[in-house]
Amino acid sequence: MSKKIIRHRDLEVYQKAFDAAMRIFELSKSFPKEETYSLTNQICRSSRSVCANLAEAWRKRRYEKAFVSKLSDSEGEAAETQVWLEFAVKCNYMPRESGRILYQIYDQIIGTLVGMINHPETWVRWRRPYAARRTGRLRCLSLTLSPCHLVTLSGQIKDEVRRRDGFQDNYF
């Protein structure tokens, strides 16, 4: 039985991508200084971007097209990371075995992302508007709100999302 997924960090693919990005970061510390603004920067950026795009996709899963678009971005960043891994190995900046293992991990990540892209209905969460859930029909209201009201409403919506998603302030 699988664990309930509440946050993007609960996704196995996110955890795998995050661990791989951290391994790449540690390995990149030994890259030559002349590669700091090219290979080192690019491989670290693309590996971190896989995680960042997964997090964005998770928050956009109410909208199938936005969800799939962000997953597609994440897949592209994972493939880019594989290219930089190849360069790092060919330039002898990274041990061949480390590069091979990381490349295979990114193959697994890409496979999972493709599965999610091909079956978004498993992940997309659509909710009827609150009024429709409560009454069974959607009421349309016409309101004129001042900026102060919008700030208050925005805060209330944020609080509701935090309650719904089990938000915790102390992640680290």
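Values in this text are rule-based calculations from the coordinates and carry no lab data. In this text, all values refer to a predicted model and were calculated from it rather than measured experimentally. Cβ atoms come from the backbone with ideal geometry, glycine included; neighbour counts cover every protein chain shown.
Quick look at the values:
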{"read-out": "Out of Lys60, Lys65, sole residue that is within 11 Å of the chain's Cα centre (by Cα), within 24 Å of Val13 (Cβ to Cβ) and surrounded by fewer than 18 Cβ atoms within 10 Å (Cβ to Cβ)", "value": "Lys60"}
{"read-out": "Residue check, Ala66 under 17 Å from Gln104 (Cβ atoms) and not polar (S, T, N, Q)", "value": "no"}
{"read-out": "Members of the range 82-112 that are within 14 Å of Ser49 (Cα to Cα) and under 15 Å from the mean Cα position of the chain (by Cα)", "value": "Tyr106, Ile109, Ile110"}
{"read-out": "Test: residue in the range 72-81 that is closer than 30 Å to Glu121 by Cβ, surrounded by fewer than 17 Cβ atoms within 10 Å (Cβ to Cβ) and in contact (Cβ under 8 Å) with a residue 40 or more places away in the chain", "value": "yes"}
{"read-out": "Residue pairs meeting the criteria (Cβ under 7 Å; at least 6 apart or on separate chains; first over 18 Å from His8 (Cα atoms), in the range 37-50; second exposed (fewer than 15 other Cβ atoms within 10 Å of the Cβ))", "value": "Cys44/Phe25"}
{"read-out": "Long-range neighbours under 9 Å by Cβ, at least six apart or interchain, first residue closer than 23 Å to Glu34 by Cα within the range 84-107, second acidic (Asp, Glu) and surrounded by fewer than 16 Cβ atoms within 10 Å (Cβ to Cβ)", "value": "Gly99/Glu86"}
